[in-house]
Ligand code: SF4
Ligand code: SF4
């Protein structure tokens, strides 16, 4: 991305697109970046884009940073860098659409990223275990790990125009109550992020066959799976311990997604649609449901 390689800078202007899911702090991350850039005396802009406006649904936000006044108010179609707060968003959205050759990709995952899922261009890849850091630093909202700060920390590794101390100041002013944990997560991500240079090469087969730039969310109807297979929205998977379950059906009644079925006299979780909200866990009177972190999150 421009800015990673100082020789390539002709004009100081960067366009950053952020992808994640509702509840992960995508829009907040975009604002923190813009405010930090502004504090560094750049012109900056933050634009949110909501899809289904539900916790867990895909969310995008855009940040423009420039030395000069920014007149555009559009979304960002040819980003210099994409920040991916949840790798599973890649299953429904071409997050790399329009990414410039030589650009950057910052991704929060605990898994190894195969270069086959990356676009066929040269890029700088930054990988950080955002969920792991959020859990370790107790950066949770409603029990869910918040990965936006770790992703910003990882991004700063390859974006030298915003100082980490500046971001620390912005975060401290923004989240007065959670600021210490957020700052710790910021530095932890900055230090632990892995930075890789990827060279583009022509690949025989494209991984993504879907038309780029679209979010595949059907119009909502109050039935199971109205947003397609929503199982990929999950950070945590509820698991039923049948030796404790008395079949009281409390979880079945309360599951907001209708993802718990009754089968052969037992309750069964449909993991294709379960979004991992863990309502079932909290309403189970027998504590028969536990949560396990998803391997890919
Ligand atoms: S976590 Fe439990 S309540 Fe939430 S969607 Fe999954 S099965 Fe339903
Ligand atoms: S709420 Fe708990 S005990 Fe009741 S059916 Fe669900 S898992 Fe079983």
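The values are calculated or read from the model by the stated rules, or taken from the named source; none is laboratory data. The shown structure was predicted, so the numbers you read here are calculated from the model rather than taken from an experiment. Neighbour counts run over all protein chains shown; Cβ positions are idealised from the backbone, glycine included.
A few notes on this one:
- Criterion: within 19 Å of residue 93 (Cα to Cα) and at pLDDT 90 or above - qualifying residue of 49, 62, 38: 62
- Meets criteria (over 20 Å from residue 59 (Cβ atoms) and either at pLDDT 90 or above or within 16 Å of ligand 1 (Cβ to nearest atom) (or both)) for residue 221: no
- Residues that are assigned to a loop (DSSP other than H, G, I, E, B), more than 6 Å from ligand 1 (Cβ to nearest atom) and surrounded by 15 or more Cβ atoms within 10 Å (Cβ to Cβ) within region 245-257 comprise just one, 245.
- Conditions (1) farther than 30 Å from residue 130 by Cα; (2) within 10 Å of ligand 2 (Cβ to nearest atom); number of the one not met by residue 263: (2)
- Number of positions in region 78-108 that are under 23 Å from residue 231 (Cβ atoms) and in a strand (DSSP E or B): 3
- Note on region 256-271: residues that are within 24 Å of the chain's Cα centre (by Cα) and under 25 Å from residue 140 (Cα atoms) total 4.
- Test: residue in region 10-20 that is over 13 Å from the mean Cα position of the chain (by Cα), modelled with pLDDT under 90 and either more than 23 Å from residue 164 (Cα to Cα) or in a strand (DSSP E or B) (or both): yes
- Of all positions in region 265-276, at least one carries a residue that is surrounded by fewer than 13 Cβ atoms within 10 Å (Cβ to Cβ) and either in the same structural domain as residue 58 (by TED's automatic domain parsing) or more than 10 Å from ligand 1 (Cβ to nearest atom) (or both).
- Residue that is surrounded by the fewest Cβ atoms within 10 Å (Cβ to Cβ), among those in region 277-295 that are within 10 Å of ligand 1 (Cβ to nearest atom) and assigned to a loop (DSSP other than H, G, I, E, B): 278
- When each of 129, 86, 138 is tested for being in contact with a helix residue (DSSP H, G or I) (Cβ under 9 Å, 6 or more places away or on another chain) and on the phi > 0 side of the Ramachandran plot, the lone residue that passes is 138.
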